[in-house]
Structure formats: C-alpha cells, structure tokens
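Comments concern the structure below.
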C-alpha cells in the first residue's frame, strides 16, 4: 500500500508548483527554447521553495503548463487516496491474499486436495506455471500456505492421471491454518462483501451481470478489451466465492460455452457494497 508520506509529498509538489506558478512557467519556457537532454526525457528538474519556506525538487513535464503539471499530481493523489481507502476497508483476513483471481483459485484447489505442487496446480487451473509458482511463494510468505514433505502428501478428489501418485522432486503446498480461516471467512457474507473491494474488476463483473443478465468471459473480455485468461479466471474465482453461478444461455455460441449469472447472494452483496460509503 502506498504510504501517507508519498501522498503528502505529491500534494506538496502540486501546491508548490501553483504557488510558484510564474517561476515554473519561466523555467519551462526557457527549457523549450534551449537544446539539451531534457528533450530526450521530456522533463526538466528544478528546485522550488515550498509555501512553508523549505526547498523541494520537482520534475516537470516539458510540454505541460504549470497548472497541468500540478493537476497531474492532484489527480494522482486522488487515485492513491481512493486506493488507500479501499484497502483500509478490506477486512484483515484478506490482507495476506494477493489481489489476483488465480490466488483465489489456488486456495480453493488446495482446499480440495491435501497438497499439490505448482506445475500440477497450473494444469488443473489452466493457468501459467510461472504465475502459480510466484503466487504460491507469496502466499507461503504471507502465511496462507505451507510447504509439506512430498512423502506425506496424498492427493484426493483430483481428476487427473495418477492422481494419487506423489512426485518426489516437487515442492508441495497445502493450506495453512490461516488459509483455512480465510476460506471460512470467504464463505461468510462479510467475506463476500470484502471480495468485491479486494479483487480488482470483481465488483464491475458482478455489476455487469446483475444489470444485464448472463454473460460469458469471452464476451466480457472482448467488450472491455481485457485479456481473456484474466477475465475467465476472474469469473471462476467469483463463482467459487458464491457470487456467480454457471448457467445456460439462449444466445450461447460454439465459442462461448460457459455463461455465468449472479446468485442471489451476489446481488445482495453488490447492493451492500454500493450502499456503503
């Protein structure tokens, strides 16, 4: 999460630029009439006196006037503060979980088996091995997963060839006690409410289906110009949480074989999120 000091720094830069408007304008105009490396970076750096009488170094967009340089910082401050507010509203239980739909899917997969290794997990989830491997390591560090000795692992309810065979040369993971608690939290209403704050684009997906009816990941990805694999994993994660369900569609095509709609819980949770400040 971005620090409060970083936000305050951006505010101070913006306020200083506006306070020293004429000085900044003259420096920009002079730079535009001179040769130099600033034409490669399209920025100039200068030291200004803040409204508090202290010196501060700022980098200025060569092609923007002082007001636009300041406004760019104010806009960034607004975005960062909104993100901080969003993160602060998320219950502590979701803090260790990466805001990635594949991370959710890994947890639900490991809940169905006693242990598995990243390559196999990636195959079951149809996800990139490198992404799964990185997420497993991150969740191990945050305490949601734990490594287990391969000799103690026996997979269950996994529909794969040689599902009960343990491959000795892989790093196996399983849910830790904290991971179990996380999934229990996600089964509760408050957990589902916080998923829509935690999972990027999760709220937008539920809103879309709640207002327009069933849809497919492929159609959503095309209309929103997003990667299909990301959207597909997002739909699947929201289904596991209980906010979406698979359904049939009268307009179903050969390329769109999986459609989703909101559940009653999904509609209820969406209303709760929209009603809260």
**Request:** Go over the candidates 17, 44 one by one and state the one that is at negative phi, in contact (Cβ under 8 Å) with a residue 12 or more places away in the chain and touching a strand residue (DSSP E or B) at 6+ places or on another chain (Cβ under 6 Å).
**Result:** 44
**Asked** Which residue pairs have Cβ atoms under 6 Å apart, sit 6 or more places apart or on different chains, and have a first residue in segment 170-193 that is without any contact (Cβ under 8 Å) to a residue 60 or more places away in the chain and a second that is in a helix (DSSP H, G or I) and surrounded by fewer than 18 Cβ atoms within 10 Å (Cβ to Cβ)?
**Response** 172/150
**Complete:** Within segment 144-164, the residues that are at pLDDT 95 or above and either farther than 25 Å from residue 184 by Cα or part of a loop (DSSP other than H, G, I, E, B) (or both) are 144
**Fill in**
From the option list 97, 135, 48, single residue qualifying as under 18 Å from residue 178 (Cβ atoms) and either part of a loop (DSSP other than H, G, I, E, B) or more than 16 Å from the chain's Cα centre (by Cα) (or both) is 97
**Pick from segment 68-90, criterion at pLDDT below 75 and surrounded by 15 or more Cβ atoms within 10 Å (Cβ to Cβ), ranking: farthest from residue 22 (Cα to Cα)** = 90
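Return yes or no: is residue 128 modelled with pLDDT of 95 or more, touching a helix residue (DSSP H, G or I) at 6+ places or on another chain (Cβ under 7 Å) and over 23 Å from residue 177 (Cα atoms)? If you could, list the steps in order and put the result at the bottom.
Working: modelled with pLDDT of 95 or more: yes; touching a helix residue (DSSP H, G or I) at 6+ places or on another chain (Cβ under 7 Å): yes; over 23 Å from residue 177 (Cα atoms): yes.
The answer is yes for residue 128.
The values are calculated or read from the model by the stated rules, or taken from the named source; none is laboratory data. Because the structure is predicted, anything quoted here is derived from the model rather than measured. When we count neighbours, we look across all protein chains shown, and the Cβ atoms used for this are built from the backbone with ideal geometry, even at glycine.
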